[in-house]
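The values are calculated or read from the model by the stated rules, or taken from the named source; none is laboratory data. Just so it is clear, the model here is predicted, and its values are computed rather than measured. Note that each Cβ is placed from the backbone with ideal geometry, even for glycine, and that neighbours are counted across all protein chains shown. Accessible surface areas use protein heavy atoms only, side chains included; no ligands, DNA or RNA. Shrake-Rupley method; radii C 1.70, N 1.55, O 1.52, S 1.80 Å.
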Amino acid sequence: MLELRSLYKKFQSGIGNGRLALKDVSLNLRPCDFVTVIGSNGAGKSTLLNVISGVFPVDDGQIIIDGQDVTNLPEYKRASVLGRVFQDPMQGTAGSMSIEENMAMAFKRGKPRSLSRGVLAKDRGYFKEKLSSLGLGLEDRLKEPVKLLSGGQRQALALLMATLSSPKLLLLDEHTAALDPRTAQEIQDLTNDIAKQHNLSVIMVTHNLRLALAVGTRTIMMHEGEIILDMRDPERSKMTISDLLRRFQDAKGEMLSDDRILLEA
Ligand SMILES: Nc1ncnc2c1ncn2[C@@H]1O[C@H](COP(=O)(O)OP(=O)(O)OP(=O)(O)O)[C@@H](O)[C@H]1O
Ligand SMILES: [Mg+2]
């Protein structure tokens, strides 16, 4: 489904020049694999998602999605095979545009450019149906600008939009981190439902270790640009947070350093 072959990425700018943001990262995802990603600050987690989606080119290695080598494809050409949701609810949706305009934009992603600017009547029915599946009443607010929505409603909409053009792969970068605990749980439940419903492969970055172990089928840990641990069910499902921290320490000889890490909640 997704194959990463020995990826390298180095940023030229900034301090710590010469440090690799990704170092020999290889990963094979089967269809419906749901991988949670944890790791120290600056470990390369967001960079990994950025190179898969084509925000940055890699310096070396290959990225293959669903049998197609996308390593040299620009970001917009990968948009039909993958969806993504970011930490910031403001980032995934356009605040000044209405709910239906946002959805129309997401629906057109990866399709040949159409001349119509507005929302087609035939699509509106589909958007309504999708929105009502969220159970948030957004289907009755199609014309409202998205900036009037709460953070949780916006993330729910962002998730819906990310999966509207039927991608194979969903990339989530701490997409519940900016939400209060209850809303975060609701968005996580929605994520799990959507992944199952669309048979998606998912890569989800989180600072919540409990969540990392509770959700999905596999957990990888990154440190200084490398994948240092890769754990799958059933072995993973028996692990506790202390086991995880111990495994990190055994592998690296130091404690996991992450100022946003969540050990509880
Ligand atoms: N656009 C960029 N330009 C220069 N350096 C960058 C850029 N993006 C990331 N880096 C560097 O690459 C390294 C990995 O960063 P990345 O954002 O992937 O870490 P992360 O694991 O997502 O960390 P966090 O948990 O803090 O979000 C860091 O050293 C970071 O400073
Ligand atoms: Mg990050």
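Which residue, chosen from THR191, SER98, GLY42, occupies the Cα position most advanced towards the positive end of the dipole of the range 2-252, where the dipole is computed from +1 (Lys, Arg) and -1 (Asp, Glu) charges on Cβ about the Cα centre?
SER98
Quick one: what are the phi-derived ³J(HN,Hα) couplings along the range 129-140, Karplus 6.51/-1.76/1.60 with θ = phi - 60°, whole Hz, x for glycine and proline?
4, 4, 5, 5, 5, 6, x, 10, x, 5, 5, 9
Rounded to the nearest 10 degrees, what's the angle between the helix 99-108 long axis and the longest principal axis of the chain, both from Cα atoms, 0 to 90?
Compared with the principal axis, the helix lies near 70 degrees.
Please determine, in degrees from 0 to 90 and to the nearest 10, the orientation of helix 181-197 with respect to the longest principal axis defined by the Cα atoms of the chain, where the helix direction is its Cα long axis.
For 181-197 against the chain, the angle is about 80 degrees.
Residue by residue through the range 155-169, what is 3J(HN,Hα) from phi via Karplus (6.51 cos²θ - 1.76 cosθ + 1.60, θ = phi - 60°)? Round to whole Hz and write x for glycine and proline.
5, 5, 5, 4, 5, 4, 5, 5, 10, 5, 8, 6, x, 9, 10
Can you give the direction-averaged projected area of the convex hull of the alpha-carbon atoms in the chain, in nm²?
Seen from a random direction, the Cα hull of the chain projects 14.6 nm² on average.
Could you compute the net charge surrounding LEU29? Neighbours are other residues with a C-beta less than 13 Å from the C-beta of LEU29; K and R count +1, D and E count -1.
Residues close to LEU29 contribute a combined charge of +1.
In the structure shown, do any of LYS108/LYS168; LYS143/LYS196; LYS108/LYS130; LYS130/LYS196 have a Cα-Cα gap over 18 Å, and if so which? Kindly include the intermediate steps, with their values, before the conclusion.
Working: LYS108/LYS168 16 Å; LYS143/LYS196 30 Å; LYS108/LYS130 16 Å; LYS130/LYS196 15 Å.
The answer is LYS143/LYS196.
At 1.4 Å probe size, what's the solvent-accessible area of THR217? Round to the nearest 10 Å².
Accessible area, nearest 10 Å²: 50 Å².
Using R₀ = 30 Å, calculate the FRET efficiency as 1/(1 + (r/R₀)^6) where r is the Cβ-Cβ separation of SER237 and ASN199; round to 0.05. Intermediate results must be reported in sequence, preceding the final value.
On the way: r = 21 Å, r/R0 = 0.70.
Between SER237 and ASN199 the formula returns 0.90.
Taking a probe of 1.4 Å, how large is the accessible area per residue of the range 119-196, in Å²?
Accessible surface, normalised per residue, equals 45 Å².
Given the range 125-203, what whole percent of its Cα pairs are spread farther than 15 Å?
For the range 125-203, the fraction of Cα-Cα distances above 15 Å is 55 percent.
In a solvent-free Debye calculation with one equal scatterer on each Cα, what is log10 I(q)/I(0) for the range 168-265 at q = 0.12, 0.23 Å⁻¹, listed in the order of the q values?
-0.40, -1.41
So how do 148-155, 198-205, 57-64 stack up, highest first, on mean other-Cβ count within 10 Å?
Highest-to-lowest ranking by the protection proxy: 198-205, 148-155, 57-64.
Quick one: length gained pulling ALA94 to ARG109 fully straight, 0.36 nm per residue minus the C-alpha distance?
4.0 nm
Any chance you could give the angle, 0 to 90 degrees and rounded to 10, that helix 241-252 forms with the longest Cα principal axis of the chain?
Tilt of helix 241-252: around 60 degrees.
Between the range 29-92 and the range 133-204, how far is it from one alpha carbon centroid to the other, in angstrom?
18
Calculate for the chain the 222 nm mean residue ellipticity that helices alone would give, adding -39,500 (n - 2.57) per DSSP H run of length 4 or more and normalising by residue count, nearest 500 deg cm²/dmol.
Values: 9 runs with 86 residues, N = 265.
Computed ellipticity for the chain at 222 nm equals -9500 deg cm²/dmol.
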